[in-house]
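**Q** One structure, as structure tokens, below. Some questions next.
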Amino acid sequence: MAEIHTYIYPPHVLQIGEEAVDAELFDMQGNKHHLLEGLLDGRYLLLDIWGIGCGPCRMAEPEMREVYGRMKDKLEIVGICQDDLSTWKTNDFSKSIVWKNWNDGKKGSSIASRYCDEGAIPYYILISPDKRIVTKAVGYYPGMFLGLADAVNGLIVKQDNSANYQLSIRKVEANANGTTIGFRYYSHKEYWFRIVKDSYLEANGKKYKLTAADGIKLDDNNFTTVKATDATEDFVSNLSYSDFTLTFEPFDTIPDTFDFKEGDGERAFVIRNVSLK
């Protein structure tokens, strides 16, 4: 009856900025745990909703493991498997996971119904130490966890790059001659990325056009060049980053914050609320 009630009257799906809710899960030894245990010591909590047959879920594991090793004092990860208990407990990959590896005994439905806006996996939810949902993301993109680690550690420039942690702003200089921004982009060295010449800044109700670029070819395929980890494992060893700068028209009036928009395309990079304070 409870399952029927949930199907007919689905619970509210939590959104970014809302307070996380707790849930009861089990480890492989059958011990009970609370979902928000990882917040008890002031760390961020990353929920990883995954499945054994999900290729991207397994592809993400090496980078997550690299970041987890670096960030244990600031970041806890809870993996929530959507497979049944028997499959989860006996699978070799599942048994190799180094962070909290739990199951709700309901194929993840108790968590997914409260946190996930769609059924695709992997699904990631980052929760702050004060129990607020910081970001929600579907799918895996190489470099996203390295960028997330930068955000948790505290970027030099305050910003909201939760739409895509692969790209972040490292430096801003705004004056009467223009606004120059230093960026970093993480990815696998064999995967290209593009920044379009129609990129702009938005502030004061106005768009400020891109006027110059250094360290990147606009409207062209670019590849990351600087090795991002000391890891020797094949996939993780090929994670890298590139730094580049973009210059835009000067602000009419220097704002407190602005948004960076990589054009108006459907999959454009967006970084919001970049602080100039």
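The values are calculated or read from the model by the stated rules, or taken from the named source; none is laboratory data. Since we're looking at a predicted model, the values are computed, not measured. Methodologically, a virtual Cβ is constructed for each residue, glycine included, from the backbone with ideal geometry; neighbour enumeration extends over all protein chains shown. These accessible areas exclude ligands, DNA and RNA; they are computed on the full protein's heavy atoms, side chains included. Shrake-Rupley method; radii C 1.70, N 1.55, O 1.52, S 1.80 Å.
**Q** Return the sequence-ordered ³J(HN,Hα) values of the stretch 148-155 in whole Hz as given by the Karplus equation 6.51 cos²θ - 1.76 cosθ + 1.60 applied to θ = phi - 60°, using x for Gly and Pro.
**A** 4, 4, 4, 5, 5, 5, x, 5
**Q** At a Cα cut-off below 18 Å, give the aspartates and glutamates reachable from K171, other chains included and same-chain residues fewer than 8 away excluded.
**A** D150, D160, E202, D214, D243, E249, D256, D259, E262
**Q** Using a Förster distance of 51 angstrom, determine the FRET efficiency expected from the C-beta separation of K206 and R132, and round it to 0.05.
**A** 0.95
**Q** In the chain, which cysteines lack any other cysteine Cβ under 4.7 Å from their own?
**A** That list is C81, C116.
**Q** I've got another one for you. As an exercise, use a Förster radius of 22 Å and the Cβ-Cβ distance of W192 and D234 to find the FRET efficiency, rounded to the nearest 0.05.
**A** 0.65
**Q** For V270 and E24, compute 0.36 nm times the residue count separating them, minus their Cα-Cα distance, and round to one decimal in nm. Walk me through the numbers before you get to the answer.
**A** Working: separation 246, 0.36 × 246 = 88.56 nm, distance 3.55 nm.
Extra length from V270 to E24 when fully extended: 85.0 nm.
**Q** Suppose only helical runs count, i.e. DSSP H with n ≥ 4. What mean residue ellipticity at 222 nm does that imply for the chain under -39500 (n - 2.57) per run, divided by all residues and rounded to the nearest 500 deg cm²/dmol?
**A** Taken over the chain, the calculation gives -5500 deg cm²/dmol.
**Q** So for the stretch 44-185, Kirkwood radius off the Cα pairs, Stokes-Einstein at 25 °C and 0.890 mPa s: how many µm² s⁻¹? Spell out each step's value before the answer.
**A** Numbers: Rh = 16.2 Å.
Calculated translational D: 151 µm²/s.
**Q** Taking θ = phi - 60°, what integer Hz values does the Karplus form 6.51 cos²θ - 1.76 cosθ + 1.60 yield along the stretch 123-135, in sequence order, with x for Gly and Pro?
**A** 10, 10, 10, 9, 10, 7, x, 8, 6, 9, 6, 8, 7
**Q** Let me ask something additional. Round to the nearest 0.05 the FRET efficiency obtained for D252 and N153 when R0 = 41 Å and r is the Cβ-Cβ distance.
**A** The value I calculate is 0.75.
**Q** Rounded to a whole number, what % of the accessible area of the chain do carbon and sulfur atoms account for, probe 1.4 Å?
**A** On the chain, the fraction of accessible area on carbon and sulfur atoms equals 48 percent.
**Q** Averaged per residue, what accessible surface does the chain expose to a 1.4 Å probe, in Å²?
**A** On the way: 13880 Å² over 277 residues.
It amounts to 50 Å² per residue over the chain.
**Q** Given K72/K107; K74/K131; K136/K209; K95/K136, which pairs have Cα atoms separated by over 22 Å?
**A** Result: K72/K107; K136/K209; K95/K136 exceed 22 Å.
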